[in-house]
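First up is the structure itself, then whatever we jot down about it.
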Amino acid sequence: MLIPHDTRIALDMVVDLVNTSPESEEPDRLADVEALYGFVRDHDISGVESLTARDLSGVRTVRGRFAGVFEAADARAAAGLVNEIVAEAGTTPQLTDHDGYDWHVHYFAPGASIADHLAADGGMALAFIVVAGEQERLRRCEAPDCGRAFVDLSRNRSRRYCDSRTCGNRLHVAAYRARRKEAAG
């Protein structure tokens, strides 16, 4: 699947945003405005100067809506959610080439809040996945104690775990040890 650079960056941001949500015993990784500043810095999100508690609340709302797209039962349900996210963000597509990046599209309106910024760019990235008929690539990790979001960009859509260095390897090692124990016993 061919994904333009700006769409890939937006998809990575969506996944990382969804994965900031508190899971089982993990704390909320967007616990305060300072954490939101860190998220903005880590994702090199342009045009963000000052953030407030209201921005944090808005971003948390967008996070929950993005999570709903990953949990949608089918493309029609995902499309409905994406349409709502993008419409409420007030998209204003514009070509830009800032900060050393080649031409790409921003979908948020100039001066948009950080929540609308993320909703517009992330929502459009998710829209491209749904339009391409690839909604099943929006997945949750199958490790029993994980459930983190990821986008399966493997050629054959076979990725099952969020990060092969952690969840995938841990489960493969456990299966290997179980086979060895069974063979020895």
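The values are calculated or read from the model by the stated rules, or taken from the named source; none is laboratory data. Since the model is a prediction, treat every value here as computed from it, not as a measurement. So basically every Cβ, Gly included, is an ideal-geometry build from the backbone, and we count neighbours across all protein chains shown. The accessibility values were calculated without ligands, DNA or RNA, using every heavy atom of the protein model including side chains. Shrake-Rupley method; radii C 1.70, N 1.55, O 1.52, S 1.80 Å.
The table for this structure:
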{"quantity": "The chain: proportion of alpha-carbon pairs further apart than 23 angstrom, %", "calculated": "46 percent"}
{"quantity": "Ile129 accessible area, 1.4 Å probe, all protein chains in place, Å² to nearest 10", "calculated": "0 Å²"}
{"quantity": "Accessible area (Å², 1.4 Å probe, nearest 10) - Ser113", "calculated": "50 Å²"}
{"quantity": "Sparse-neighbourhood loop sites, GluC sites (Glu not before Pro) in segment 48-87 - DSSP loop, at most 10 other Cβ within 10 angstrom", "calculated": "Glu49"}
{"quantity": "P(r) weight above 16 Å for segment 1-108, C-alpha pairs, percent", "calculated": "66 percent"}
{"quantity": "Accessible area of His117 in the full protein assembly, 1.4 Å probe (Å², nearest 10)", "calculated": "10 Å²"}
{"quantity": "FRET E, pair Ser158, Arg8, Förster distance 22 Å, beta-carbon r, rounded to 0.05", "calculated": "0.70"}
{"quantity": "Solvent-accessible area, 1.4 Å probe, carbon plus sulfur percent, for the chain", "calculated": "50 percent"}
{"quantity": "Kyte-Doolittle at least 0.5, axis length at least 24 Å by Cα - qualifying DSSP helices, the chain", "calculated": "114-131"}
{"quantity": "Selected from Gly58, Tyr107, Cys146, residue furthest toward positive end of dipole (the chain; charges at beta carbon)", "calculated": "Cys146"}
{"quantity": "The chain - mean residue ellipticity at 222 nm from DSSP helices (-39,500 (n - 2.57) per run, n ≥ 4, rounded to 500)", "calculated": "-16000 deg cm²/dmol"}
{"quantity": "Label-to-label distance, nm, for residues given as His43 and Ala109 (7 Å Cα→Cβ offset)", "calculated": "2.0 nm"}
{"quantity": "Size of charge dipole - segment 15-158 - debye, nearest 20, with Cβ of Lys, Arg +1 and Asp, Glu -1, no other charges", "calculated": "420 debye"}
{"quantity": "Solvent exposure ordering (accessible area, 1.4 Å, most first) of Asp12, Asp121", "calculated": "Asp12, Asp121"}
{"quantity": "Charge sum, other residues only, whose C-beta stays under 15 Å from Ala109's C-beta, Lys/Arg counted +1 and Asp/Glu -1", "calculated": "-3"}
{"quantity": "Cysteines without a disulfide-compatible partner [the chain; Cβ-Cβ under 4.7 Å]", "calculated": "Cys167"}
